[in-house]
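Below are the C-alpha cells for one structure; questions will follow.
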Amino acid sequence: MKLLREPLLHFLVAGGLLFAAYSWLRRGDVNETPVVRITASEVAWLKETWSRQWRREPSRDELRGLVTDYLKEELLAREARAMRLDEDDTIVRRRLAQKVAFLVEDTTRLADPTEQDLRRFYDAHPELFQTGARVPFTHVFFSREKRADAEADAQAALGALQHGADAAALGDRLLLDAEMRDAEERAVAAQFGPDFAQAVLALKPGAWSGPVVSGYGLHLVRVSELTPGRLREFADVRAQALERWRDEQQQAGSARYFAGLLKKYRVSVDESVAPLIGRLDGPLPAPQAGEEAVR
C-alpha cells in the first residue's frame with residue numbers, strides 16, 4: 001500500500017500511458033508508405049519535351065519508355081534524398097541555385113514596358129544610344145623594343161613632320177594600317193586601347209601631335225577631322241532600348257530578391273573570408289561553362 005502511494009510510481013505509470021496512447025494514435029503513420037504520383041501533367045510535359053527535341057510526338061512505345069524512365073528517376077531521386085545524398089554536393093547545389101535563378105529571371109520578364117516607360121528609359125540613358133565619335137587619323141609608330149630611346153626618336157620625328165617630312169619614311173613597321181579612315185571610337189579602342197582612343201579624340205585636327213602611348217608603343221598622330229557622337233533616334237534603337245530596359249529590370253529584381261534572402265538568412269563568415277565576398281545585388285549567376293542549363 002505504501003508503494004502505491006509513491007509519487008514516482010504515479011509519474012512512471014502516467015508516462016507509460018501517455019507513450020502508449022501516442023503510439024496507438026500514430027500507428028498508421030509508422031507503416032505509411034510514401035506515395036509517388038505520376039499525373040497527366042507529367043506525361044504532357046514528357047511528350048512536349050520529346051516533341052521539341054525530335055520535332056514529332058513520341059510513339060506509344062516511346063512514350064511508355066519515357067514514363068517508365070521518369071518513374072525510375074523519381075524513385076531514385078527520392079531514395080537519394082532519403083539517404084541524404086543531396087547534402088554537401090556541389091553539382092546538386094549549383095543546379096538548384098540555377099533553377100531558382102531562372103525562376104527569378106522569368107518573373108522579372110513577365111511584363112513588357114509601355115511605350116511611355118520605354119521612352120522615359122531612353123531619355124534617362126542617352127549614353128546607351130549614342131553613335132561613337134568618328135576620328136579618321138594617320139599615325140607613325142615607334143617601337144620601344146626596337147629602339148634604345150623611342151621617346152626621343154618620336155620627338156625628333158615630330159619636329160620633322162611639322163616641317164613637311166614624309167610620314168611613310170619614318171617610324172617602325174606595325175601590322176596595322178598607318179591610315180585609319182573614318183575610324184569609329186570603339187574600333188580605335190579595340191585596336192589600340194581605350195586610353196589611346198581617348199587621347200586621339202582630344203587632339204586638334206589637322207596637325208601632327210604626340211607621342212601618344214598605346215599597348216604597342218608610341219605613335220605620332222594626325223587627326224584629319226572629328227565627328228562627335230550623336231544620340232540616335234528612338235525609333236532606330238527601340239529594340240535595343242527594350243533589351244536594355246529588360247536587363248535593368250532583371251538586375252533590379254535580382255537586387256530585391258537577394259535583399260530578401262539576406263533578411264531571411266543570417267550570413268556568418270570568417271573575418272578572412274569577408275573581403276572576398278562581392279556585392280549580391282548584381283545579375284544572377286549564369287550557368288558555368290560546360291554545364292547544361294536546367295529549366
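The values are calculated or read from the model by the stated rules, or taken from the named source; none is laboratory data. Bear in mind that the values here come from a model prediction, so they are computed numbers and not experimental data. When we count neighbours, we look across all protein chains shown, and the Cβ atoms used for this are built from the backbone with ideal geometry, even at glycine. Note: accessible area is taken over every heavy atom of the protein model, side chains too, but ligands, DNA and RNA are not part of it. Shrake-Rupley method; radii C 1.70, N 1.55, O 1.52, S 1.80 Å.
Between I277 and A40, take the C-beta separation as r, use R0 = 45 Å, and let me know the FRET efficiency to the nearest 0.05. Kindly include the intermediate steps, with their values, before the conclusion.
Working: r = 46 Å, r/R0 = 1.01.
Efficiency computed from Cβ-Cβ geometry: 0.50.
Here's something else I'd like to know. Once you have the alpha carbon radius of gyration of the stretch 131-272, what is it after dividing by 2.2 N^0.38 Å, with N set to its residue count?
Working: Rg = 23.1 Å, N = 142, 2.2 N^0.38 = 14.5 Å.
So the Cα radius of gyration is 1.60 times the expected 2.2 N^0.38 Å.
Expressed as a whole percentage, what fraction of the accessible surface of the stretch 199-266 belongs to carbon and sulfur atoms when a 1.4 Å probe is rolled over the protein heavy atoms?
Carbon and sulfur together cover 50 percent of it.
Right, something else. Can you give the convex hull volume of the alpha carbon atoms of the stretch 98-207 per residue, in Å³?
Enclosed volume per residue, from the Cα hull, is 185 Å³.
Would you mind computing, in nm to one decimal, how far apart the modelled labels at S268 and A152 are, each placed 7 Å from Cα along Cα→Cβ?
6.7 nm
Extension gain S224-R56, at 0.36 nm per residue separation less the Cα-Cα distance, in nm?
Taking 0.36 nm per residue and subtracting the Cα distance, the gain is 54.4 nm.
Averaged across orientations, what area in nm² does the convex hull of the alpha carbons in the stretch 237-276 project?
Here the figure is 3.9 nm², rounded to one decimal.
Can you give the accessible area per residue of the stretch 146-197, in Å², using a 1.4 Å probe?
65 Å²
For a 30 Å ceiling on Cα separation, which of these pairs sit above it: K47/K99; K99/K264; K99/K263; K47/K263? Kindly include the intermediate steps, with their values, before the conclusion.
Numbers: K47/K99 21 Å; K99/K264 19 Å; K99/K263 21 Å; K47/K263 41 Å.
Distance filter (> 30 Å) returns K47/K263.
Related question: How far, in nm, would the chain grow between D182 and A239 when pulled straight, counting 0.36 nm per residue and subtracting the alpha carbon separation?
Stretched out fully, the D182 to A239 stretch lengthens by 17.9 nm.
Measure off, as a whole percent, the carbon and sulfur share of the 1.4 Å-probe accessible area of the stretch 30-78, all protein chains present.
So the carbon and sulfur contribution to the accessible surface is 53 percent.
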